[in-house]
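Below is one structure, written out as structure tokens; the observations come after it.
Laboratory data are not the source of any read-out in this text; all were calculated from the coordinates shown. What you see is a predicted model, and the numbers here were worked out from it, not measured in a lab. Positions of Cβ are backbone-derived with ideal geometry, glycine not excepted, and every protein chain shown enters the neighbour counts.
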């Protein structure tokens, strides 16, 4: 009798572990389920834009990530460099104030917030090193590590195992049970 109870307990534990494993959602699952049409459209764009003739590979995803981050980094750095009115490589608070007078109300707030965030040592000036650091922080905010992991996990949808995700494989993965009828 004790052996039977122990065996049932083991089976219940194994069943519970399997059920829990199935219940864990990955970032890819969440992205696909949150807005399936938007996810599919953006991934098809990614396959078309960064995929080669065989489809999207790790290299294409890495290039997409690098390009997105570079754009965000450049935008953040450009905004600060544009306030360097005397061209000395440093933005003083007085230069920020001149730029703010010419900006819209919303942009004035953004400029203030960016200046404060970039001024790491709080000396009311943003140096070239602080501009570069602010640009790098903006790059990671634009496409963070969780989104990077999700993008890389898209390659798990490669059903033929050739290391590239093509549009057909993506569309097949996006088929939902209600679509199949």
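Find the residue count for the stretch 52-75, including only residues that are surrounded by fewer than 18 Cβ atoms within 10 Å (Cβ to Cβ) and either touching a residue at least 60 places away in the same chain (Cβ under 8 Å) or assigned to a loop (DSSP other than H, G, I, E, B) (or both).
9
Tell me, yes or no, whether the stretch 96-106 has at least one residue that is within 30 Å of residue 27 (Cβ to Cβ), touching a helix residue (DSSP H, G or I) at 6+ places or on another chain (Cβ under 6 Å) and surrounded by 18 or more Cβ atoms within 10 Å (Cβ to Cβ).
Here is the first cut: in the stretch 96-106, the residues within 30 Å of residue 27 (Cβ to Cβ) are none.
Within the stretch 96-106, not a single residue is within 30 Å of residue 27 (Cβ to Cβ), touching a helix residue (DSSP H, G or I) at 6+ places or on another chain (Cβ under 6 Å) and surrounded by 18 or more Cβ atoms within 10 Å (Cβ to Cβ).
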Helices (runs of 4 or more DSSP H) enclosed by the stretch 110-181 - at least 1 residues per element that are farther than 18 Å from residue 32 by Cβ and more than 24 Å from the chain's Cα centre (by Cα) = 128-142
In the stretch 114-131, which residues are surrounded by fewer than 15 Cβ atoms within 10 Å (Cβ to Cβ) and in contact with a helix residue (DSSP H, G or I) (Cβ under 9 Å, 6 or more places away or on another chain)?
-> 120, 121, 122, 124
Can you name the condition, by its number, that residue 83 falls short on among (1) surrounded by 13 or more Cβ atoms within 10 Å (Cβ to Cβ); (2) part of a helix (DSSP H, G or I); (3) under 29 Å from the mean Cα position of the chain (by Cα)?
-> (2)
Could you run through the stretch 86-109 and say how many residues are free of Cβ contacts under 8 Å to residues at least 24 places away in the same chain and in a helix (DSSP H, G or I)?
-> 14
Residue 78: passes all of (1) farther than 30 Å from residue 120 by Cβ; (2) without any contact (Cβ under 8 Å) to a residue 24 or more places away in the chain but (1)
Determine if the stretch 41-51 includes at least one residue that is over 17 Å from the mean Cα position of the chain (by Cα) and part of a strand (DSSP E or B).
-> no
